[in-house]
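Asks: Pasting a structure below so you can have a look.
The values are calculated or read from the model by the stated rules, or taken from the named source; none is laboratory data. As the structure is a prediction and not an experimental result, all values here were calculated from the model. Don't worry about glycine lacking a Cβ; one is built from the backbone with ideal geometry, like all the others, and counts go over all protein chains shown.
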Amino acid sequence: MAITATNIAPNMVRSVNPATGDLIRELQCASDRDIYAAVSNARSAQAKWASLGLRDRIAILHEFQNLLHKRKSAVAEAITRETGKPFAEALTTEVLVVLDSARFLIENAFRLLSDEPVPHGNIAAKLKRGRLLREPYGVIGIIAPWNYPFSIPATESLAALVAGNAVLLKPSEFTSLVALELQSLLHAAGVPAGIFQVVVGDGATGAALVHSQIDKLIFTGSVQTGKRIAAAAAPRLLPVVLELGGKDPMLVLDDADVDVASSGAVWGAFMNAGQTCLSVERCYAHRNLYEKFLQACVAKTRTLRVGNGMDPATDFGPMIHERQLRLVESHVEDAVSRGARLLIGGRRLPELGQNFYQPAVLADVNHEMRIMREETFGPVLPVMPFDTDEEVIALANDSEYGLAASIWTRNKEHGEKMARRIHAGTVMVNDVVSCFGISEAPHGGVKSSGLGRTHGRFGLEEMVKLKYVDSDLMPAMKKVWWYGYGASFALHMQGFIDFQFASNWREQLRGVLASAGVLRSKRL
Ligand code: NAD
């Protein structure tokens, strides 16, 4: 029987293999009461976890890394079973990314989370010592999507945990089992049960988590849900990080290597069946190489082996579900009806299963078409010609999204110069998507693509509250800026300001003389 939303029992979610349509398991959604209990367990366990100290938490992370390394194939298989992506992609874009993210935290978390001195430049504050403390929020909620069901929640959870937080993870309703696999690895590594808990469920469960007493939320998903979450978080000013959708442009400049750029385009548009937030969603190729580039993309697309991700020969698996497939079809139909040329693909492959779609290359698209404006999130490579750098920068920036972009050129300096002009959280020169696997690099967008960052130093900073502690070195001395104002104090202060900020030394010297004796002007 086909699995549809309508035959799912209330309060249940179903894990289904998108390649075969087989039901893997049905799971009960967490109720509001379950979420309340999970938050309260997390809160009681968190103080002890925080007091364990960074070195011990890093040791647990190390153990997690060892266990994941040992179970790499089993974890990748679980990912392929629930998402349909090729096993090799599950290994590289999920397991490897998480192993490396653990490596980054093991190597850097101690330094990045330790107290930091804050030297004072202001002369008036020289007799003070400042320190920056990074304290865990407490209980962090993570709501995750289905497209990278392991690497997204795991990288975020590791950062939250090492910083001393407890985590409640609400995975996508389509990929609960991968989340439970992450939970068992973390528990086996020594993370206490209350410190990492998976809350299984759908959108309503996610909404209940947002309304619970969590201290911060890291959300990854669509812009539409992100806006709902921001609105729900606003009344109590719940801090949120929003990692949302994208419409990432690929700019193929006139000096690009067509062979390299076309391989990058085909991989960047079609890996994970195009269901990647950082996918090439629109491509602009310089008119001088436009036709050659299109031909290369079509030829390479033709060689892709579409099939079950468990088969090691598969390059390209099924889409996650019918709804996503219909959206992709509607974008292709809209483009073709407005004059785009469909060069290859763009049709269902029912002989392989109900969610299979042949990757498509579209030429002669323009910004009137939905495929160039709305997130498609599927295996379509729409290509548009351009003539000048100015034109392609304007086209790239003509979008409500700003997650990432890529520029393809043999001139690295020129590519980097162009990168500065693109409105996006990340711009890659001569590569695409792989920035997500660079654990040092911050991940996140601008405009509708989101708020805040995950990964790297800035992702770790999102998991802590900054506290500034300042100690006065002369506790027995009343401060000159306290009460005791009056004409002479004002003159002293004018002199003090001139001493520091006047543009010539004579005025500065006069300032020193005028400010001398400021301490004597204190009455209180
Ligand atoms: P989605 O917004 O439908 O769902 C994401 C998560 O939110 C799921 O766990 C879902 O159950 C939950 N949810 C749904 N409604 C909710 C509500 N009202 N309150 C709280 N939680 C709710 O997105 P999706 O279809 O799972 O994922 C695809 C989208 O995610 C795409 O737009 C893609 O670009 C985006 N994405 C972004 C990034 C990034 O890092 N920027 C990464 C991956 C995916």
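Asks: Given the condition within 13 Å of the ligand (Cβ to nearest atom), out of contact with any strand residue (DSSP E or B) (no Cβ under 8 Å at 6 or more places or on another chain) and not β-branched (Val, Ile, Thr), answer yes or no: does some residue in the range 468-490 qualify?
Replies: Scanning the range 468-490, I find no residue that is within 13 Å of the ligand (Cβ to nearest atom), out of contact with any strand residue (DSSP E or B) (no Cβ under 8 Å at 6 or more places or on another chain) and not β-branched (Val, Ile, Thr), so the answer is no.
Asks: Kindly list the number of the only condition in (1) modelled with pLDDT of 95 or more; (2) more than 19 Å from LYS128 (Cβ to Cβ); (3) of a type in the set (S, T, N, Q) that fails for SER488.
Replies: Result: SER488 passes all but (1).
Asks: When you look at SER157, is it near the ligand (Cβ under 10 Å from one of its atoms) and either over 20 Å from ILE79 (Cα atoms) or assigned by TED's automatic domain parsing to the domain that holds ALA232 (or both), yes or no?
Replies: It is false that SER157 is near the ligand (Cβ under 10 Å from one of its atoms) and either over 20 Å from ILE79 (Cα atoms) or assigned by TED's automatic domain parsing to the domain that holds ALA232 (or both).
Asks: Taking the range 136-148, which residues are within 11 Å of GLU173 (Cα to Cα) and within 13 Å of the chain's Cα centre (by Cα)?
Replies: Once the filter is applied, which keeps residues that are within 11 Å of GLU173 (Cα to Cα) and within 13 Å of the chain's Cα centre (by Cα), the range 136-148 yields ILE143, ALA144, PRO145.
Asks: Identify, from the list ALA166, ALA109, the residue that is touching a residue at least 40 places away in the same chain (Cβ under 8 Å), more than 19 Å from the chain's Cα centre (by Cα) and more than 16 Å from the ligand (Cβ to nearest atom).
Replies: Step by step, each of ALA166, ALA109 is checked, and only ALA166 is touching a residue at least 40 places away in the same chain (Cβ under 8 Å), more than 19 Å from the chain's Cα centre (by Cα) and more than 16 Å from the ligand (Cβ to nearest atom).
Asks: Looking for whichever is exposed (fewer than 15 other Cβ atoms within 10 Å of the Cβ) and over 30 Å from VAL427 (Cα atoms) here; the options are LEU466, LEU513, LEU491. Which one fits?
Replies: LEU513
Asks: Can you tell me which residue within the range 290-325, out of those that are charged (D, E, K, R) and part of a loop (DSSP other than H, G, I, E, B), is surrounded by the most Cβ atoms within 10 Å (Cβ to Cβ)?
Replies: Step by step, filter the range 290-325, then rank; the result is ASP315.
Asks: Looking at the range 349-419, what strands (runs of 3 or more DSSP E) fall wholly within it and have at least 3 residues that are within 16 Å of the ligand (Cβ to nearest atom) and under 17 Å from ALA265 (Cα atoms)?
Replies: Where strands (runs of 3 or more DSSP E) fall fully within the range 349-419 and carry at least 3 residues being within 16 Å of the ligand (Cβ to nearest atom) and under 17 Å from ALA265 (Cα atoms), they are 404-408.
Asks: Would it be correct to say that VAL433 is without any contact (Cβ under 8 Å) to a residue 24 or more places away in the chain, crowded, with 17+ Cβ neighbours inside 10 Å and among the aliphatic types (A, V, I, L, M)?
Replies: no
Asks: Can you find even one residue in the range 436-455 that is in contact with an Asp or Glu (Cβ under 9 Å, 6 or more places away or on another chain) and at pLDDT below 95?
Replies: Scanning the range 436-455, I find no residue that is in contact with an Asp or Glu (Cβ under 9 Å, 6 or more places away or on another chain) and at pLDDT below 95, so the answer is no.
Asks: Please find, among ASN366, ASN397, the residue that is assigned by TED's automatic domain parsing to the domain that holds PRO318, touching a strand residue (DSSP E or B) at 6+ places or on another chain (Cβ under 8 Å), without any contact (Cβ under 8 Å) to a residue 60 or more places away in the chain and polar (S, T, N, Q).
Replies: Unique residue meeting the criteria: ASN366.
Asks: From the set of residues in the range 131-180 that are surrounded by 22 or more Cβ atoms within 10 Å (Cβ to Cβ) and among the charged types (D, E, K, R), which is nearest to LEU113 (Cα to Cα)?
Replies: GLU156
Asks: Applying the selection to the range 213-255, what residues are surrounded by fewer than 24 Cβ atoms within 10 Å (Cβ to Cβ), more than 16 Å from the chain's Cα centre (by Cα) and away from the ligand (no atom under 11 Å from the Cβ)?
Replies: Result: GLN213, ASP215, ALA234, PRO235, ARG236, LEU237, LEU238, LEU253, ASP254, ASP255.
Asks: Within the range 194-209, can you find the residues that are within 9 Å of the ligand (Cβ to nearest atom) and surrounded by 21 or more Cβ atoms within 10 Å (Cβ to Cβ)?
Replies: Residues satisfying the conditions are GLY201, THR205, GLY206, LEU209.
Asks: Of the residues GLN295, GLN275, which single one is modelled with pLDDT of 95 or more and away from the ligand (no atom under 16 Å from the Cβ)?
Replies: After applying the criteria, what remains is GLN295.
Asks: With respect to ASP334, is the statement that it is farther than 24 Å from ILE407 by Cβ and part of a helix (DSSP H, G or I) true?
Replies: Here the answer is yes, as ASP334 does meet what is asked.
Asks: Now for a separate question. Is the range 112-130 home to any residue that is under 30 Å from ALA78 (Cα atoms), within 22 Å of the chain's Cα centre (by Cα) and surrounded by 14 or more Cβ atoms within 10 Å (Cβ to Cβ)?
Replies: no
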